[in-house]
Every structure is written in C-alpha cells, then in structure tokens.
1. Give 219, 233, 278 a once-over and let me know the one that is touching a Leu at 6+ places or on another chain (Cβ under 6 Å) and free of Cβ contacts under 8 Å to residues at least 60 places away in the same chain.
2. Being under 17 Å from residue 115 (Cβ atoms) and among the small types (Gly, Ala, Ser) is the filter; apply it to the stretch 150-173 and report the residue that is surrounded by the fewest Cβ atoms within 10 Å (Cβ to Cβ).
3. Provide a single number: the residues in the stretch 2-41 that are in contact with a strand residue (DSSP E or B) (Cβ under 9 Å, 6 or more places away or on another chain), among the β-branched types (Val, Ile, Thr) and surrounded by fewer than 16 Cβ atoms within 10 Å (Cβ to Cβ).
4. Search the stretch 42-72 for residues being without any contact (Cβ under 8 Å) to a residue 60 or more places away in the chain and assigned to a strand (DSSP E or B), and hand back the single one that is surrounded by the most Cβ atoms within 10 Å (Cβ to Cβ).
5. Exactly one of (1) over 15 Å from residue 110 (Cα atoms); (2) modelled with pLDDT of 95 or more is unmet by residue 73. Its number?
6. How about the stretch 18-34: which of its residues are in a loop (DSSP other than H, G, I, E, B) and either of a type in the set (A, V, I, L, M) or closer than 30 Å to residue 85 by Cα (or both)?
7. Take the stretch 188-215 and flag every residue that is assigned to a loop (DSSP other than H, G, I, E, B) and over 13 Å from the mean Cα position of the chain (by Cα).
8. Among the residues of the stretch 130-149, write down those that are within 21 Å of residue 27 (Cα to Cα) and either touching a Cys at 6+ places or on another chain (Cβ under 6 Å) or surrounded by fewer than 18 Cβ atoms within 10 Å (Cβ to Cβ) (or both).
Amino acid sequence: MPETKPTLKVGGKRIGSGSPVYLIAEIGINHNGSLDLARRLIDVAVDAGCDCVKFQKRTPEKCVSEKMKRTFRETPWGTMSYLDYRRRIEFGAADYRKIDSYCRTKRIPWTCSVWDLMSADFLESFDPPFVKIPSACLVDHALLKRVQRTGRVVFLSTGMSTLEEIRSAVEVLGTSKLVILHCKSCYPLDPRDANLRMIATLQREFPCVVGYSGHETGIQVSVAASVLGAAVIERHITLDRSLWGSDQAASLEPQGLNRLVRDVRICEAAMGDGIERIVPAEQETMKRLRVKTK
C-alpha cells in the first residue's frame, strides 16, 4: 500500500499532497511602517494570485538585545537608535485592524510571523489562518508552547537550524497541525546554498506538510522547490528592490511574483499522476506517425 502523505486545511484551502501549492506573499517589514505601502503590497499579492499575505509582529522592547538598543543607525527618518527604528516600522493594533479590513475587502487571508509571547497573544485576537514561527525563534520553546496551545496550524521556518534543533521544536509543536518550511536565512540567498534536497529529508523525517521559504533573488529555486514536492512556497515581496530595508534585496518585485505564480502553476499542471496513457492530443499524431510493420 502506498504511504498516505499528510494534508492540512489552512484558511479554507487544502494544502499538501495532491493539492495546489499554497503561495504566501511575505510583506514582512517591507512596508517600512507605511500603511499605504502595505496596502499596495497586498494588491500586488492579490493580482498575482497568491493565497495569503504575511507580516512580521514583534514587541521591540522584547526582541531587541541590550547591545542593539544602544546602537544607532542611519534611516530614511534620520539617525536613531535601533530600538527606535524597530518601533518606527512596527504596526500596532489600529494598523492591523485596518490591514484586517483591507484584506477582507480583497478576499485574501493574512497572518504574521510572531517573534515573542506578547506578539503571539496579539495575533490570536485576529483569528489568523495559521501562525508562523520565524527561523530566529525555532529554539524559543516557550514561544512554541504558547503558539501550540492555540490549536492553530503552525508554520515553522528552519533557517540557521540543525536537524536536531528541528526535531526538538517538532517535539514541542507536534505534527498534526504543523507545516515545516525548509529555509536558509541568507538575504539574498546564493542558490548554491539552497540545499533543496532537504525538502525530501524533512518529508522522510516528519509526518507533516513540508514547504519552502526562499530568500533568493530570482524565481528558479522556488519553482524547483515546488517540483521537488514543496507544498508551500513563501517569498518576500516588494514594490522595488532598491527601497530601503534589510529584506528588500531578497524580495520579488511585482513582475517577478507574477512569473513565480505562473511558473509554479504550469509545473503543477505538468506533473500529472504518473500513470501512462495516450492523451487525446497524441491521437492525431499517432495516426500520422505510427506505421504497422508487416
């Protein structure tokens, strides 16, 4: 008997074996604290045909180290401490209520990566389709336990992690409502470091849905990941890769996102079911080219 591959329902859509790839447009912090820019990026994701948009939620006072709190940097808003910069680009409750309303109007689900306990509690009030644990927090078991107790589907990125650390995180989260995203935390990612064969390794290791979160500059690696069995593809998006911000260079511009969605869907259609048959389009060719020998 063939092994049954795991599937999950996320935001009304079935993901996993036999289902279309679930495409996440990661807005992250590329909005630079601007609701107008966030709305424009949501529009980009909707126009491309993505299944979900995702932001990042932090409590700056909790997530910025003491050293970085005292570090100053140049920003588009002048010289400021790193802590003040993080506060400047962080959306609050009123902002996310507007995002929630806009996404409902556009008929696209939204969620966040949560970086601390307060952010996990904050996101829960919006009834997200799933909760994302970023790679940086994979070893934060207190956060994993808090998110696991919500009973929601959890997406877990695995950048900067050993297989043993991933195993430990999975022990906390369980596998019944888990999606593991193979990831390399490089911005941008050199394709030679992508190691896409880890998708199959994770599928063998864990009985859960496996996907890919990419930070490369093009679309080839993400398309290849979908062919290799990634049930989810997550990519950062931007209006312009030259915009200010740490994630812009590893993001897809609108035309790149459109091509990614197009090519992933073409590859899905091309995969078939592995059963040999003569397709209708071959019939006429067969009449012309097949010669019966006497």
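The values are calculated or read from the model by the stated rules, or taken from the named source; none is laboratory data. Remember, it's a predicted structure, so these values are computed and weren't measured experimentally. With ideal geometry, Cβ positions are generated from the backbone for all residues, glycine too; neighbour counts draw on all protein chains shown.
1. Details: 233 fails: free of Cβ contacts under 8 Å to residues at least 60 places away in the same chain; 278 fails: touching a Leu at 6+ places or on another chain (Cβ under 6 Å).
Step by step, each of 219, 233, 278 is checked, and only 219 is touching a Leu at 6+ places or on another chain (Cβ under 6 Å) and free of Cβ contacts under 8 Å to residues at least 60 places away in the same chain.
2. Filtering the stretch 150-173 for residues that are under 17 Å from residue 115 (Cβ atoms) and among the small types (Gly, Ala, Ser), the one surrounded by the fewest Cβ atoms within 10 Å (Cβ to Cβ) comes out as 159.
3. 1
4. Applying the first criterion (without any contact (Cβ under 8 Å) to a residue 60 or more places away in the chain) to the stretch 42-72 yields 51, 53, 55, 60-72.
Those left that are additionally assigned to a strand (DSSP E or B): 53, 55, 72.
Values: 53: 27, 55: 23, 72: 12.
Top of the filtered list is 53.
5. Every condition holds for residue 73 apart from (2).
6. Residues of the stretch 18-34 that are in a loop (DSSP other than H, G, I, E, B), as a first pass: 18-21, 29-34.
Answer for the stretch 18-34, where residues must be in a loop (DSSP other than H, G, I, E, B) and either of a type in the set (A, V, I, L, M) or closer than 30 Å to residue 85 by Cα (or both): 21, 29, 30, 31, 32, 33, 34.
7. Applying the first criterion (assigned to a loop (DSSP other than H, G, I, E, B)) to the stretch 188-215 yields 188-190, 194-197, 206-208, 215.
Selection gives 188, 189, 190, 194, 195, 196, 197, 206, 207, 208.
8. 135, 136
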